[in-house]
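The values are calculated or read from the model by the stated rules, or taken from the named source; none is laboratory data. What you see is a predicted model; the values in this text were computed from it and never measured. Cβ: placed from backbone, ideal geometry, glycine included. Neighbour counts: every protein chain shown. Keep in mind that these areas ignore ligands, DNA and RNA; they rest on the heavy atoms of the full protein, side chains included. Shrake-Rupley method; radii C 1.70, N 1.55, O 1.52, S 1.80 Å.
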Amino acid sequence: MTYDLKLPKPEEHRATLALFWETAQPLKHVVAELPDISNGHKMNIKPVFPRSALVPGASTVDLLNASVSSELELVFPNLPEPLFERLALRFRPFYANDEEVNLLKLLNFVSQLNPHLHPWKKERKASWDRAVFWGAMGMPEQTPAVKAEDVIKAGLYSRYFHVNKIHREKALAYEKSLGVGMYRIALVSSVWQRSNVVLQVANEMEQLLVGLGIVTAEAVEAAKTPAVQPEEVSLKLKGGPGAFQAKEIKKS
């Protein structure tokens with residue numbers, strides 16, 4: 001990106017870009033603390049071979065092709081609930097349509113007057129769309145197929161944010177159709193992958209925002225260290241004679 005950036009609403013959008021970058025920093029620290037679940041799934045195959053297939057020199061391919069039955073197990077990485085709750089909390093501002101720092105809205109206004117950024121926007125939008133359980137996922141026996149985007153929305157808004165009966169019913173239906181475990185994996189994987197798309201955009205824009213004076217270099221340096229909240233907060237008040245008055249509370 002170059003420092004030549006035209007914005008449809010310069011003052012408003014400069015403030016939004018600053019807010020986007022600032023909001024991405026806690027998400028960055030949360031993702032850094034999570035287990036890396038980017039490698040997808042592991043596959044375990046347990047074939048059963050007839051005795052006639054067990055001959056000297058038989059290759060793995062020969063044995064698999066000769067197997068009379070097999071057991072296939074797919075193992076997906078997951079996140080414990082407390083870790084996923086932290087991730088979902090920091091991810092939501094970039095996902096919800098009514099949020100000022102919604103990623104898709106930001107990509108739109110950043111690229112709107114900058115044709116040289118159209119390919120960049122298209123690539124990031126494609127990454128966002130792909131980051132749903134390794135591609136579009138359909139509900140079994142549903143016409144038309146329900147994409148994982150709907151599964152994510154039902155998951156987040158049935159148990160974590162603005163919980164309501166409609167989304168809870170949708171989530172329960174998806175759990176019944178996909179299985180509770182696979183529905184959980186779809187939600188966790190999608191949120192984790194999309195969080196990384198947000199961080200990619202924030203990292204790519206960081207030097208641009210510094211160059212435009214939207215974010216200071218000092219803020220970038222300070223953000224490298226996670227903010228630590230004190231265990232206690234104290235309030236000290238000072239006053240002269242009679243500044244503090246005591247009054248007995250009558251028993252009712």
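What the table shows:
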read-out: Matching residues, region 56-73, being surrounded by 10 or more Cβ atoms within 10 Å (Cβ to Cβ), part of a loop (DSSP other than H, G, I, E, B) and either modelled with pLDDT of 95 or more or of a type in the set (S, T, N, Q) (or both); value: Ser67
read-out: Selection status of Asn114, farther than 17 Å from Leu19 by Cβ and at pLDDT 95 or above; value: yes
read-out: Near pairs, Cβ below 7 angstrom, 6+ apart or cross-chain, from region 219-246 (touching a residue at least 12 places away in the same chain (Cβ under 8 Å)) to any residue that is open to solvent by less than 100 Å² (accessible area, probe 1.4 Å) and hydrophobic (A, V, I, L, M, F, W, C); value: Val220/Val210
read-out: Extreme residue, most open to solvent (accessible area, probe 1.4 Å), among residues of region 205-218 that are part of a helix (DSSP H, G or I) and touching a helix residue (DSSP H, G or I) at 6+ places or on another chain (Cβ under 8 Å); value: Ala217
read-out: Any hit, region 42-55, residues being at pLDDT 75 or above and farther than 30 Å from Ala222 by Cα; value: yes
read-out: Complete set of residues in region 74-102 that are in a helix (DSSP H, G or I) and surrounded by fewer than 14 Cβ atoms within 10 Å (Cβ to Cβ); value: Glu81, Pro82, Glu85
read-out: Criterion violated by Gln245 - all others in (1) of a type in the set (S, T, N, Q); (2) open to solvent by 100 Å² or more (accessible area, probe 1.4 Å); (3) closer than 26 Å to Leu87 by Cβ satisfied; value: (3)
